[in-house]
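Peer 1: Dropping a structure here in structure tokens format, bear with me for questions.
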Amino acid sequence: MKKNNLIWIIICNILGALLLGSWLASTPTAGYHGPWLALDQSVFYFFNQKLAQGTAFTYFIAFVNMRAFDVVAFVAMLAIFYSYYRKSNVEGKRWLFCIGVAMLVSAVIIKQFDKLLPIDRASASVYFDQLYHNVNWVSQLSGWPAKDRSGSSFPGDHGMMLLIFAVYMWKYIGKDAFVKALAVFIIFSLPRIMGGAHWFTDVFVGSVSFVLLVLSWILLTPLSDIFIGWLEKKLPLRWFVKKREENFRDDV
């Protein structure tokens, strides 16, 4: 492992620990954490009050918080990934496929660390509703099956998966791919926050800190490269050759 990489791992871990630690070390208020609560509350009510107006905004938030809309986020990631995949030669296609598998494995690993953190945090909508505050439920206002609540929202799994994708794009494809993926992360993380199913800090503290703490040890050490290289050796190259190319080779 390069010396510079070790320095960056230390930096990522310090930043992740400070971010998560500042959230955890605050004085709990009914299970939540003081210094961040004012920000979380401001963000929640900024959007929640707008929902009561019954305008197109209400239906837009309902639409982007429907389960089916999650497919759009997946398609956006797939489109970015495929734009590089289709331009690659056979070896490049296999390599990119292995990167995709490595992403999924990384997501599973980070999720295990998430389970070790003993935090059971209900969504902002549920929390303020339990305090008998006036909460506008987008699912009720629109009549659509929108996700506007969660019994356990920290860290934001949805945002974490999108962020893992973005960081992998940066590591293996480049800054342009990272910028596109980062835009997808921001755009598709916001609906859950705007609808009340997640707090702002679920994504921008929870997801970001977990990625900094865990993914840095995967991507800045040889671990991901070793796994991808091993997988490349296991997957036959012919799997990534189009059928018409195979037929052409047979004819020749």
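Peer 1: At 1.4 Å probe size, what's the solvent-accessible area of Y127? Round to the nearest 10 Å².
Peer 2: Taking all protein chains as shown, Y127 has close to 20 Å².
Peer 1: Shifting gears a bit: Over 5 Å intervals from 0, what percent of Cα-Cα pairs in segment 177-224 sits in each interval?
Peer 2: 5, 19, 19, 23, 19, 9, 5, 1
Peer 1: Which value, in Å to one decimal place, does the Kirkwood hydrodynamic radius take for segment 105-177 when every pair of different Cα atoms is included? Before the final figure, lay out the partial values.
Peer 2: Values: mean 1/r = 0.0674 Å⁻¹.
Final number for the Kirkwood radius of segment 105-177 is 14.8 Å.
Peer 1: Now a separate question. When the accessible area of segment 1-139 is split by element with a 1.4 Å probe, what percent falls to carbon and sulfur? Show your work: numbers first, answer last.
Peer 2: On the way: 5410 of 7980 Å².
Reported share for carbon and sulfur atoms: 68 percent.
Peer 1: Quick check: convex hull of the Cα atoms in segment 149-252, volume per residue, rounded to a whole Å³?
Peer 2: With only Cα atoms used, segment 149-252 gives 156 Å³ per residue.
Peer 1: Can you compute the charge dipole magnitude of segment 7-129 about its Cα centre, using +1 on each Lys and Arg Cβ and -1 on each Asp and Glu Cβ, nothing else charged? Give it in debye, rounded to the nearest 20.
Peer 2: Dipole about the Cα centre, nearest 20: 480 debye.
Peer 1: Still on this structure: Arrange the residues W230, W137, W144 by how much accessible surface each exposes, largest first, with a 1.4 angstrom probe.
Peer 2: Details: W230 130, W137 25, W144 95 Å².
Sorted by accessible area, descending: W230, W144, W137.
Peer 1: At most 11 other Cβ atoms within 10 Å plus a DSSP loop assignment makes a site exposed; report the longest stretch of the chain without any exposed trypsin sites (Lys or Arg not before Pro).
Peer 2: Segment 88-241 is the longest.
Peer 1: Next up: Calculate, for the chain, the solvent-accessible area per residue in square angstrom, rolling a 1.4 angstrom probe over the heavy atoms of the protein chains.
Peer 2: 54
Peer 1: Separate question: Report, please, the projected area of segment 29-165 averaged over directions, based on the convex hull of its C-alpha atoms, in nm². Can you show the working numbers first?
Peer 2: Values: hull surface 41.3 nm².
Computed as one quarter of the Cα hull surface, the answer is 10.3 nm².
Peer 1: Also, quick follow-up: For the chain, what are the per-bin percents of Cα-Cα distances with bins 10 Å wide, up to the bin holding the maximum?
Peer 2: 7, 26, 30, 21, 11, 4, 1, 0
Peer 1: For segment 68-148, report the convex hull volume of the alpha-carbon atoms normalised per residue, in Å³, without decimals.
Peer 2: 113
Peer 1: Residues with beta-carbon under 11 Å from that of V135, excluding V135: net charge, scoring Lys, Arg +1 and Asp, Glu -1?
Peer 2: Its environment carries a net charge of -1.
Peer 1: I would also like to ask the following. Suppose only helical runs count, i.e. DSSP H with n ≥ 4. What mean residue ellipticity at 222 nm does that imply for the chain under -39500 (n - 2.57) per run, divided by all residues and rounded to the nearest 500 deg cm²/dmol?
Peer 2: Numbers: 12 runs with 166 residues, N = 252.
So the helix-based figure for the chain works out to -21000 deg cm²/dmol.
Peer 1: Taking all protein chains together and a probe of 1.4 Å, list I11, I99 from the most accessible to the least accessible.
Peer 2: Correct descending sequence by accessible area is I11, I99.
Peer 1: Using the Kyte-Doolittle scale, find the helices of the chain whose mean hydropathy is at least 0.0 and whose Cα atoms extend 18 Å or more along the helix's long axis, counting only whole DSSP H runs.
Peer 2: Values: long enough: 3-24 (31 Å, 1.45); 34-51 (26 Å, 0.16); 70-85 (22 Å, 1.60); 90-116 (40 Å, 0.97); 157-172 (23 Å, 0.76); 175-195 (31 Å, 1.27).
Correct list, ordered by number: 3-24, 34-51, 70-85, 90-116, 157-172, 175-195.
Peer 1: Quick one: ranking F57, F44 by accessible area, 1.4 Å probe, largest first, what do you get?
Peer 2: Sorted by accessible area, descending: F57, F44.
Peer 1: Now for a separate question. Using the Cα centre as the reference, give the magnitude of the dipole from point charges on the C-beta atoms of segment 75-149 (Lys, Arg: +1; Asp, Glu: -1; all else neutral), rounded to the nearest 20 debye.
Peer 2: Details: 9 positive and 5 negative charges, 83 e Å.
Result for segment 75-149 is approximately 400 debye, rounded to the nearest 20.
Peer 1: Using a simple charge model, +1 on the beta-carbon of Lys and Arg, -1 on the beta-carbon of Asp and Glu, nothing else, what dipole does the chain show about its Cα centre, in debye to the nearest 20? Present the calculation step by step, with values, prior to reporting the outcome.
Peer 2: On the way: 24 positive and 16 negative charges, 148 e Å.
For the chain, the charge dipole is close to 720 debye.
Peer 1: To continue, here is another question. Can you give the net charge of the other residues whose Cβ lies under 15 Å from the Cβ of A52, counting K and R as +1 and D and E as -1?
Peer 2: Details: positive: K50; negative: D129, D148.
Taking every Cβ under 15 Å from that of A52, the sum is -1.
Peer 1: Would you pull out the residues with amide H under 5 Å of M66's amide H, same chain only if 5 or more places away, H placed 1.01 Å from N?
Peer 2: The list, which skips near neighbours in sequence, is K147.
Peer 1: Another question, if that's okay. What is the calculated FRET efficiency for F57 to I14, with r their C-beta to C-beta distance and R₀ = 30 Å, to the nearest 0.05? The partial results should precede the final answer.
Peer 2: Details: r = 40 Å, r/R0 = 1.32.
So, using R0 = 30 Å, E works out to roughly 0.15.
The values are calculated or read from the model by the stated rules, or taken from the named source; none is laboratory data. Bear in mind the structure is a predicted one, so any value in this text is a computation, not a measurement. Here Cβ is always computed from backbone atoms with ideal geometry, including for glycine, and neighbour counts include all displayed protein chains. SASA here: full protein model, heavy atoms, side chains in, ligands and nucleic acids out. Shrake-Rupley method; radii C 1.70, N 1.55, O 1.52, S 1.80 Å.
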